[in-house]
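Have a look at the structure below before the remarks.
Nothing in this text is a laboratory measurement; each read-out follows from the coordinates by a stated rule. If you're wondering where the values come from, they're calculated on a predicted model, not measured in any experiment. Cβ: placed from backbone, ideal geometry, glycine included. Neighbour counts: every protein chain shown.
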Amino acid sequence: MDKGFDVLKANFLRHTSLTDDELNSINHYYEEKQVEKGEYILRQGDICRFEGFVIEGCFEISTSDARGNERILYFAVKDWWVMEIDSFIGQTSSELDIKAIEPSQLLVITKTDKERLYQEVPKAERLFRIMSQRAVVAWQRRLIRNHTMTAEERYFHFLNTYPEISQRITNKQIASYLGITQEFVSKIRRKNLSRRS
């Protein structure tokens with residue numbers, strides 16, 4: 001737990017100052033969870049009862065339509081948060097699946113414990129508000145890119161912005177995330193290789 005909490009502690013301290021006592025209080029509310037490759041920690045229709053912080057591994061967060069077509073919304077690797085925020089806050093059925101695509105490790109907190117944490121460490125509420133605002137900004141920027149960039153531009157933006165993720169996932173997963181076909185991703189890659197040679 002100590003090694004995993006060191007990653008969480010560093011994440012928190014990037015956003016605000018916390019005393020050792022406050023950090024120890026935060027540590028108390030998180031539980032470590034090991035996840036196997038291919039294991040779902042949340043399925044569509046279930047209630048998201050946790051907020052997770054990735055300390056090792058990689059997750060894909062996706063949704064599927066009535067025909068079973070999967071669309072990947074984002075990936076979460078070390079030092080990223082993972083949850084279904086609508087389901088977590090309202091304790092309603094999830095619209096998302098969250099699956100480990102490699103052996104992974106999380107620190108998780110329940111909704112009840114998060115509320116207790118806010119009472120015990122008031123700075124934590126401000127901390128999570130700041131992080132939520134940054135997440136909204138990231139979503140807005142992605143929406144803008146989807147409307148203003150070509151598929152090829154979005155592909156290279158993804159590679160340049162998330163090199164640690166792009167090397168761990170398949171063409172199919174990249175295509176699902178970008179909303180393009182797997183064949184188009186292969187075509188872009190071939191075109192890029194031919195330019196280099």
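Which count do you get for residues in segment 10-44 that are of a type in the set (D, E, K, R) and surrounded by 15 or more Cβ atoms within 10 Å (Cβ to Cβ)?
Count: 2.
Just checking, which of GLU164, GLU102 is in contact (Cβ under 8 Å) with a residue 40 or more places away in the chain, within 15 Å of the chain's Cα centre (by Cα) and in a helix (DSSP H, G or I)?
GLU164
Out of GLY90, GLY52, GLY57, GLY45, I need the residue that is at positive phi, out of contact with any Pro (no Cβ under 8 Å at 6 or more places or on another chain) and of a type outside the set (Val, Ile, Thr). Which one?
It is GLY45.
Do the conditions hold for ILE72, that is, is it surrounded by 15 or more Cβ atoms within 10 Å (Cβ to Cβ) and either of a type in the set (Val, Ile, Thr) or in a loop (DSSP other than H, G, I, E, B) (or both)?
yes
Among the residues in segment 51-59, are any touching a helix residue (DSSP H, G or I) at 6+ places or on another chain (Cβ under 6 Å) and either among the polar types (S, T, N, Q) or not in a strand (DSSP E or B) (or both)?
No, segment 51-59 has no match at all.
Collect the residues in segment 117-161 that are hydroxyl-bearing (Ser, Thr, Tyr), assigned to a helix (DSSP H, G or I) and farther than 23 Å from GLU22 by Cβ, keeping them in residue-number order.
Across segment 117-161, the qualifying residues are THR148, TYR155, THR161.
Is there a residue in segment 77-93 that is in contact (Cβ under 8 Å) with a residue 40 or more places away in the chain and exposed (fewer than 13 other Cβ atoms within 10 Å of the Cβ)?
Within segment 77-93, one or more residues are in contact (Cβ under 8 Å) with a residue 40 or more places away in the chain and exposed (fewer than 13 other Cβ atoms within 10 Å of the Cβ).
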